[in-house]
Amino acid sequence: MEQIDKNGRLKHLLTLDSLPQDYINKLLLLTDTFIDKNNRLRHTDDLKDKTVVNVFFEASTRTRTTFEIAAKRLSADVISVNVATAATAKGESLRDTILNLQAMQADLFVCRHGDSGAAHFIAKQVKPSVAVINAGDGCHEHPTQALLDLYTIRHAKKEFSNLTVAIVGDILHSRVARSEIMALKTMGVKHIRLIAPKTLLPAQIGASGVICYSNMEEGIQGADVIIMLRLQKERMDQGLLPSLREYHQCYGLTAERLKLAKKDVIVMHPGPMDRGVEIDSVVADGPHSMILQQVHFGIAVRMAVMVELTARK
Amino acid sequence: MANKIVFRNGCLINPEKHSETITDLFVAEGKIVALESAPEGFIADEEIDCNDCLIAPGFIDLSTTLHHPIHSELSAAVKGGFTHVCVSPDSEPLLDTPSVVESLHSQAQRIAKVQVLPIGAFTQNLAGKQLAEMAALKEAGCIAVGQAYHPIFNTQLLYRALQYAATNNLLVIHCPLDPGWQDKNYVHAGKENLILGLPAMPVCAEVSEIARMIALLPETGARVHFSRLSSARAVELIAEAKACGLAVSADVSIHHLWFTETMHRSFEGYIMQPPLRSDVDRAALRQGVIDGTIDAICSAHTPHEADALLVPFLETPPGMSTLELMWPMLVMLHRELDLSWCQCLRLVTATPARILSLNRGTLDIGKSADLTVLSPIAEWAVSADTLVSRGKNTPFLGDTLSGQVLATYVHGRKVY
């Protein structure tokens with residue numbers, strides 16, 4: 001599924017793989033226009049008379065809400081369908097669900113699904129005038145999260161190329177990490193470090209030009225940006241980790257460990273956080289934390305993406 | 001009905017004898033009665049001009065999955081040049097009782113296309129808990145036993161099942177995959193999947209199962225054929241086992257000789273079991289085919305209805321429809337690997353026959369006239385309409401390929 005049309009514009013946002021740096025910069029600049037000088041989100045009518053449908057096949061509060069707010073700030077009609085408890089539970093296929101919602105005059109789908117590749121599949125089913133935003137598919141990608149992280153990093157650090165960025169946690173299952181690594185590489189970040197036990201790193205990850213650490217202290221040494229990932233409880237049952245306690249001991253971001261990073265390090269987390277597991281409260285709520293800024297910027301970034309995808313028509 | 005046929009001027013491929021000769025072939029009463037010149041008193045009922053064509057023994061497939069209704073697939077087989085197909089035990093219905101096997105046989109007889117060779121279940125219901133009635137399955141016509149991709153967790157049970165298969169002098173056709181990885185769809189744990197983030201299966205999932213099986217062979221006396229290898233290390237392990245004199249053989253699916261993990265970019269292509277792996281693995285599989293470590297090529301034919309594929313990538317059922325594409329793919333391999341026709345066709349004729357102890361796979365006088373007439377150059381367009389199989393799940397859909405099967409004969413009778 002090709003997400004760029006023959007004129008080089010985004011039809012859908014499914015992946016950050018091979019999205020050029022210029023295009024990412026353009027989206028970040030567009031994001032700027034939705035935040036006023038008092039750091040408040042603007043209200044526009046860019047999506048007036050458009051219908052945005054959030055189709056979430058996986059439970060989500062924060063991402064769905066930020067997309068809803070973004071659409072409303074753009075004056076779109078927005079509806080959220082929690083499919084986890086609706087049609088597909090009655091046996092309707094994903095394809096039929098999408099075709100039905102499309103028949104209700106949807107212009108833009110925002111989709112989250114537990115399977116990698118689901119957003120590509122949905123984009124293949126819809127008609128050419130309908131756009132699809134991947135709001136997270138399995139362990140594949142979560143492009144708007146990576147874009148908002150880039151926006152946050154740019155806000156704090158101004159430029160990318162000399163940064164050392166450490167991503168800590170369950171890289172293997174993280175769609176955020178996959179999008180993030182691609183986006184950071186595209187933006188020219190030279191030092192991308194992944195910190196995790198081998199059980200939570202994808203096979204052959206070394207081939208992707210990142211450096212892997214299984215020791216947290218070594219990994220965050222001198223980092224400009226630390227991105228913490230959420231650890232799901234089911235990883236213990238899958239034999240990937242012995243216990244939350246041991247995980248926290250080895251990979252939890254404590255105030256002590258944070259001292260190893262640069263003085264002006266920023267700490268980010270895509271949420272939802274598990275305090276006391278991957279991150280301590282003093283860090284999450286501390287001066288280096290950009291976690292709530294991320295949420296705020298997330299709305300503006302999603303506004304930019306929605307405008308970009310619908311302006312095409 | 002013609003029972004005396006002469007095939008004129010075809011290039012006869014007799015892989016066992018390494019011979020490729022342009023000559024005439026004479027068939028009477030279902031058997032090959034002469035080559036080169038007609039036997040005394042031979043008056044042909046039918047004469048077939050085979051100029052510019054190859055005549056090869058009918059293809060023998062080591063791994064075909066069938067779902068009801070089977071008519072289309074048996075027709076697809078002969079259209080693909082096959083005269084014999086081994087039917088995987090995980091077909092529908094499961095081949096785990098003599099009555100199911102007999103019913104498959106009688107259906108196939110009524111359809112009268114390809115000869116089916118059922119692979120009986122190794123354990124009851126393929127559940128990996130209790131031995132299947134292997135003696136009865138053999139009596140009912142099973143050519144071998146196997147478990148397809150259903151796990152046997154308990155090594156002691158596997159050991160006993162091998163002993164029991166050996167007792168019944170039954171070949172075990174084993175698809176090597178560690179039981180822990182048999183629960184869902186996987187792709188290769190390789191570079192491509194760094195982007196896709198799909199559930200990943202490392203090579204060791206295959207290698208450890210081959211190693212487990214090999215460890216059991218000397219003490220059980222079983223004969224094992226490893227089907228559908230996917231990795232370089234698997235090829236190494238088979239080479240070592242053969243060097244030790246163990247009774248093992250191996251095949252690879254034609255797909256694994258052609259495609260790699262790159263097929264899945266942007267969630268395209270078809271999920272395979274085992275996964276399509278790296279280009280290094282593919283190179284080793286190809287080398288294994290050239291040097292004989294890998295004895296045969298199978299189709300791994302797994303047809304799926306179009307509806308089954310209208311789901312996200314990860315939920316699609318694994319496998320591709322292949323029977324009708326075997327010959328054009330062999331033509332591609334012949335070019336790519338610079339193999340002779342004999343080398344190429346032996347892998348789907350003489351060696352599968354040898355593995356199955358089947359008195360087929362040659363064009364010698366006195367043998368059953370199971371053969372296929374092939375054009376290596378004729379082109380055809382692969383489309384939903386030209387494929388007879390109900391499964392249109394092939395990446396070649398929409399392509400025009402060289403290599404067409406012109407006719408297939410089973411026991412001297414034209415079935416395609």
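The values are calculated or read from the model by the stated rules, or taken from the named source; none is laboratory data. All values reported here derive from a predicted model rather than from experimental measurement. Virtual Cβ from ideal backbone geometry, glycine too; neighbours counted across all protein chains shown. For the accessible areas, the whole protein counts, side chains as well, though only heavy atoms, and no ligand, DNA or RNA atoms are used. Shrake-Rupley method; radii C 1.70, N 1.55, O 1.52, S 1.80 Å.
Looking at (1) part of a strand (DSSP E or B); (2) at positive phi, which is the one condition that is false for residue B:169?
Among (1) part of a strand (DSSP E or B); (2) at positive phi, residue B:169 violates only (1).
Test residue A:154 against the stated conditions and say whether it is away from chain B (no Cβ under 12 Å) and not in a helix (DSSP H, G or I).
No; evaluated as a whole, the condition is false for this residue.
Checking the condition open to solvent by 10 Å² or more (accessible area, probe 1.4 Å) and under 24 Å from the mean Cα position of the chain (by Cα), which residue from B:246, B:257 passes?
Selected residue: B:246, the only one of B:246, B:257 that is open to solvent by 10 Å² or more (accessible area, probe 1.4 Å) and under 24 Å from the mean Cα position of the chain (by Cα).
Tell me, which strands (runs of 3 or more DSSP E) lie completely within segment A:195-313 with 3 or more residues that are within 20 Å of residue A:151 (Cβ to Cβ) and not acidic (Asp, Glu)?
Once the strands (runs of 3 or more DSSP E) in segment A:195-313 are filtered for at least 3 residues that are within 20 Å of residue A:151 (Cβ to Cβ) and not acidic (Asp, Glu), what remains is A:225-228, A:266-268.
I'm told residue B:336 meets every condition in (1) open to solvent by 40 Å² or more (accessible area, probe 1.4 Å); (2) touching a Leu at 6+ places or on another chain (Cβ under 6 Å) except one. Can you identify the failing condition by its number?
(2)
Is there a residue being closer than 30 Å to residue A:123 by Cβ, touching a Phe, Trp or Tyr at 6+ places or on another chain (Cβ under 8 Å) and assigned to a loop (DSSP other than H, G, I, E, B) anywhere in segment B:305-315?
yes
Consider segment A:1-18. How many of its residues are surrounded by 17 or more Cβ atoms within 10 Å (Cβ to Cβ) and assigned to a loop (DSSP other than H, G, I, E, B)?
Of the residues in segment A:1-18, 8 are surrounded by 17 or more Cβ atoms within 10 Å (Cβ to Cβ) and assigned to a loop (DSSP other than H, G, I, E, B).
List the number of the failed condition for residue B:345; all other conditions in (1) modelled with pLDDT of 95 or more; (2) within 30 Å of residue B:184 (Cα to Cα) hold.
(2)
Quick one: which of B:295, B:291 is open to solvent by 20 Å² or more (accessible area, probe 1.4 Å) and either on the phi < 0 side of the Ramachandran plot or in the same structural domain as residue B:75 (by TED's automatic domain parsing) (or both)?
So the residue among B:295, B:291 that is open to solvent by 20 Å² or more (accessible area, probe 1.4 Å) and either on the phi < 0 side of the Ramachandran plot or in the same structural domain as residue B:75 (by TED's automatic domain parsing) (or both) is B:291.
With the checklist (1) at negative phi; (2) within 11 Å of chain B (Cβ to nearest Cβ); (3) open to solvent by less than 50 Å² (accessible area, probe 1.4 Å) in hand, flag the one item residue A:78 doesn't pass.
(2)
List the number of the failed condition for residue B:283; all other conditions in (1) surrounded by 20 or more Cβ atoms within 10 Å (Cβ to Cβ); (2) modelled with pLDDT of 95 or more hold.
(1)
Mind checking whether some residue in segment A:158-170 is touching a strand residue (DSSP E or B) at 6+ places or on another chain (Cβ under 8 Å), in a loop (DSSP other than H, G, I, E, B) and within 14 Å of chain B (Cβ to nearest Cβ)?
No, there is no match, as no residue in segment A:158-170 is touching a strand residue (DSSP E or B) at 6+ places or on another chain (Cβ under 8 Å), in a loop (DSSP other than H, G, I, E, B) and within 14 Å of chain B (Cβ to nearest Cβ).
Which of the residues spanning segment A:90-118 are farther than 11 Å from residue B:311 by Cα, part of a helix (DSSP H, G or I) and among the small types (Gly, Ala, Ser)?
A:103
Answer yes or no: is there a residue in segment B:233-243 that is surrounded by fewer than 19 Cβ atoms within 10 Å (Cβ to Cβ) and touching a strand residue (DSSP E or B) at 6+ places or on another chain (Cβ under 7 Å).
Among the residues of segment B:233-243, at least one is surrounded by fewer than 19 Cβ atoms within 10 Å (Cβ to Cβ) and touching a strand residue (DSSP E or B) at 6+ places or on another chain (Cβ under 7 Å), which makes the answer yes.
Taking segment A:19-46 on its own, how many of its residues are assigned to a loop (DSSP other than H, G, I, E, B), out of contact with any helix residue (DSSP H, G or I) (no Cβ under 6 Å at 6 or more places or on another chain) and either surrounded by 12 or more Cβ atoms within 10 Å (Cβ to Cβ) or among the hydrophobic types (A, V, I, L, M, F, W, C) (or both)?
4
Within segment A:263-271, does at least one residue satisfy the condition of being open to solvent by 30 Å² or more (accessible area, probe 1.4 Å) and at pLDDT 95 or above?
Checking segment A:263-271: at least one residue is open to solvent by 30 Å² or more (accessible area, probe 1.4 Å) and at pLDDT 95 or above.
Scanning for something at pLDDT 95 or above, more than 17 Å from residue B:68 (Cβ to Cβ), among the polar types (S, T, N, Q) and out of contact with any helix residue (DSSP H, G or I) (no Cβ under 6 Å at 6 or more places or on another chain), does segment B:116-124 turn up at least one residue?
Taking every residue of segment B:116-124 in turn, at least one turns out to be at pLDDT 95 or above, more than 17 Å from residue B:68 (Cβ to Cβ), among the polar types (S, T, N, Q) and out of contact with any helix residue (DSSP H, G or I) (no Cβ under 6 Å at 6 or more places or on another chain).
Please specify each residue of segment B:173-198 satisfying the condition of being within 11 Å of chain A (Cβ to nearest Cβ), in contact with a Gly (Cβ under 9 Å, 6 or more places away or on another chain) and part of a loop (DSSP other than H, G, I, E, B).
B:197, B:198 - these are the residues of segment B:173-198 that are within 11 Å of chain A (Cβ to nearest Cβ), in contact with a Gly (Cβ under 9 Å, 6 or more places away or on another chain) and part of a loop (DSSP other than H, G, I, E, B).
Starting from residues that are crowded, with 18+ Cβ neighbours inside 10 Å and more than 16 Å from the chain's Cα centre (by Cα), keep the ones in segment B:300-317 and report whichever is farthest from the other protein chains (Cβ to nearest Cβ).
B:304
Can you name the condition, by its number, that residue A:93 falls short on among (1) within 13 Å of chain B (Cβ to nearest Cβ); (2) open to solvent by less than 40 Å² (accessible area, probe 1.4 Å)?
Of the numbered conditions (1) within 13 Å of chain B (Cβ to nearest Cβ); (2) open to solvent by less than 40 Å² (accessible area, probe 1.4 Å), the odd one out for residue A:93 is (2).
List pairs: first residue in segment A:124-139 and facing another protein chain (nearest Cβ under 9 Å) and assigned to a loop (DSSP other than H, G, I, E, B), second residue aliphatic (A, V, I, L, M) and open to solvent by less than 10 Å² (accessible area, probe 1.4 Å) anywhere in the structure, Cβ distance under 7 angstrom, at least six positions apart or on different chains.
Short answer, once both residue conditions are applied: A:138/A:118.
Suppose we keep only residues that are open to solvent by less than 20 Å² (accessible area, probe 1.4 Å) and of a type in the set (D, E, K, R) within segment B:166-210. Which one would you say is farthest from the chain's Cα centre (by Cα)?
So, considering only residues that are open to solvent by less than 20 Å² (accessible area, probe 1.4 Å) and of a type in the set (D, E, K, R), the one farthest from the chain's Cα centre (by Cα) is B:209.
State all residues of segment B:234-263 that are more than 24 Å from residue B:64 (Cβ to Cβ) and part of a helix (DSSP H, G or I); if no residue qualifies, say none.
Scanning segment B:234-263 gives B:236, B:237, B:239, B:240, B:241, B:242, B:243, B:261, B:262.
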